[in-house]
Amino acid sequence: MLAIVIASSITVLSALNSNTQLLTQNKEPKNEVPLEFMNWNLTKKPPLEFYDTLIQSIVKRYPNLAKAYVIGHSWRERKIWCIELTSNVKSKESKIPIAIIGNIHGNEWEAGLATIYTAWWFVVNYNYNITARKILDNYILYIIPILNPDGYNQGVRTNLRPTDHNGDGVPFGDPPTDINGDGVISLMYTGTPDSKPEERKFLGYESPDFDNNGIPGDDPKQGVDLNRNFNYMWWRYDADTGYGQARALAGPFPASEPEVQAIQRFLITHPVWALATLHTGEQSVLWPWCYSPNPTEDHEFMESVALRMARAMTQVTGRGYYYTQSYYDYPTAAELIDWAYGRLHIHSYTVELYCPGTTPPSWVPMPYPFGKPAIWGNSIPEDNWTYVGHLEKWDNVWLRTRGYDVIKDLAPPDLELMLKGWIEASIVMIESEPSGTGPIVPDYIGWYDMPCACYNITET
């Protein structure tokens, strides 16, 4: 686990900081770790405070390379931070801007960690690594570790737009709750002590049934899927298409969410040549379009970059990564990468870092492009059934604890390889630019994609 790797020895730390054969070095990498990486337990998901502390530490220790500012707020008024990285060797106007965005889906916490690790890696290695220096001398990196801080804190995919899921007029009126204190939300069933799993009746999610409607946990703290809410081809898939967009939690209207408004506004006012949005759930590199099988005008270029990114991560991690146009992974609409390319002509990539288990998802293309299965290879525990008898208002209660829920907040094995692999892939993407015409901000964009345009970006 990363905490053990970082805290245990300088030798292992040097290996963590070093580059693969893709990079050229002029010195050994710097044996320095921000104290926050040593003091926090990174064998499991860190709290949001980890990011706030580390961002301030990076800015304080590397003031000539880094500054941080807030680009927006979430529904719960949590700050959305951006770390801007570049050196003062050249003017900003002569540099190529790139964006890296983590945790648009709140429960994919490894993505946020990889994003903040990117900022840390570049500033720590600037004086000790040719590639790190070259990039910060010639590029501006906008690093947004947690776009969805509410979802991250809650451990859910969506944001926390107040939503009434069970129709009783009270948003989030009966959220699933860890009643027995085991750290996992289980599924509740009823059945006699000697019953078989298939004989038990499903009640709902572990909860005291706050709203007393007899269905525990039926009004969870889940809002809008931010990666279905962007102002491009919003709600493209409806009942006529057969893809079931109605289940996508796409929000009441395009860019309805403050988090989406924040990143759209930022990219319009800070147009970049390329961006990557980091995720987990697969091991892949995807590019637009998500909504259409048709290729973009930059299809061949983005495909070639995605290939090299996927190959770099495969080489470093020893696990497979594939690459494909996002539509052929599975069709979606109103994703960040489609909006960024469709509105602003930004070369955009979805990078899926980690897929737990030993069996790849059914949609993963075969054969694997680099000869390795696109799966991390760690074991997921079997579901566990526990008879608890009386619980809250119910008798003969069984709790079913799903294996994935047990491990979802635990760091995957070889986490440091995932981080190193992403660094290599990010370098591939960054150094592929400039290519083509660069970002284009249309004249209409101010009124069309910038709600609340008067919002001030504050620096710290």
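No value in this document is a laboratory result; all are computed from the given coordinates. For clarity, every value in this text was computed on a predicted model and none was experimentally measured. Cβ: placed from backbone, ideal geometry, glycine included. Neighbour counts: every protein chain shown.
Here are some notes:
- Nitroxide proxy distance, nm - points 7 Å out along Cα→Cβ at D168 and T190: 1.7
- Dipole magnitude of the chain about its Cα centre (Cβ charges: Lys, Arg +1; Asp, Glu -1), debye to nearest 20: 1500
- The residue among G151, W121, M188 whose Cα reaches farthest toward the positive pole of the charge dipole of the range 101-220, with charges on the beta-carbon of Lys, Arg, Asp and Glu, is W121.
- Alpha-carbon radius of gyration plus Dmax, which is the widest Cα pair, for the range 247-360 in Å: 14.5, 43
- Modelled spin labels at S91 and N180, positioned 7 Å past Cα toward Cβ, are 6.6 nm from each other.
- Stretch gain in nm, segment K393-D137, where the contour uses 0.36 nm per residue and the Cα spacing is subtracted: 85.8 nm
- Normalised by residue count, the range 304-402 yields a Cα convex hull volume of 163 Å³ per residue.
- Among 111-124, 194-207, 309-322, the order from most to least packed when residues are scored by Cβ within 10 Å on average: 111-124, 309-322, 194-207
- Distances between placed amide hydrogens fall under 5 Å for K44 paired with A411, all partners being 5 or more residues away or on another chain.
- Dipole of the chain computed with +1 at Lys/Arg Cβ and -1 at Asp/Glu Cβ about the Cα centre; of M309, S435, S91, farthest Cα towards the positive end is S91.
- Contour excess over end-to-end distance, with Cα ends at H73 and Y330 and 0.36 nm allotted per residue: 89.5 nm
- Summary of the geometry: the range 341-366 and the range 56-79, compared by the centres of their Cα atoms, lie 28 Å apart.
- Compared with the dominant principal axis of the Cα atoms in the chain, helix 109-125 is inclined by about 20°.
- Between the range 118-159 and the range 263-284, the Cα center-to-center distance that results, in Å: 12
- The chain, relative contact order in percent, only Cα pairs under 8 angstrom and at least six apart counted: 17
- Applying a threshold of 30 Å to the alpha-carbon distances of K90/K372; K44/K393; K60/K420; K44/K92; K134/K372; K44/K201 flags K90/K372; K44/K393; K44/K92; K134/K372; K44/K201 as lying beyond it.
- Amide H contacts of I96: Y139, I140, each under 5 Å away and 5 or more positions distant or on a separate chain (H built 1.01 Å from N in the peptide plane; Pro and chain starts excluded).
- Normalised contact order of the range 113-237, rounded percent, pairs of Cα under 8 Å and 6 or more residues apart: 23
- Rounded to the nearest 10 degrees, the angle from helix 415-431 to the longest Cα principal axis of the chain is 40 degrees.
- Distance in nm between pseudo-label sites at K60 and H270 (7 Å out along the Cβ direction from Cα): 2.2
- Student exercise, the range 29-163 dipole from Lys, Arg, Asp, Glu Cβ charges, in Debye to nearest 20: 180
- Extension gain, L48 back to T359 (0.36 nm per residue minus Cα-Cα distance, nm): 108.9 nm
- The string of couplings for the range 225-237 from the Karplus curve (6.51, -1.76, 1.60, θ = phi - 60°) is 6, 4, 8, 10, 10, 6, 8, 7, 6, 5, 6, 4, 9 Hz, one whole number per residue in order, with x for Gly and Pro.
- Helix 258-269 and the longest principal axis of the C-alpha atoms of the chain enclose an angle of approximately 10°.
- Listed residues G217, P162, Y330: farthest to the positive end of the dipole of the chain (Cβ charges): Y330
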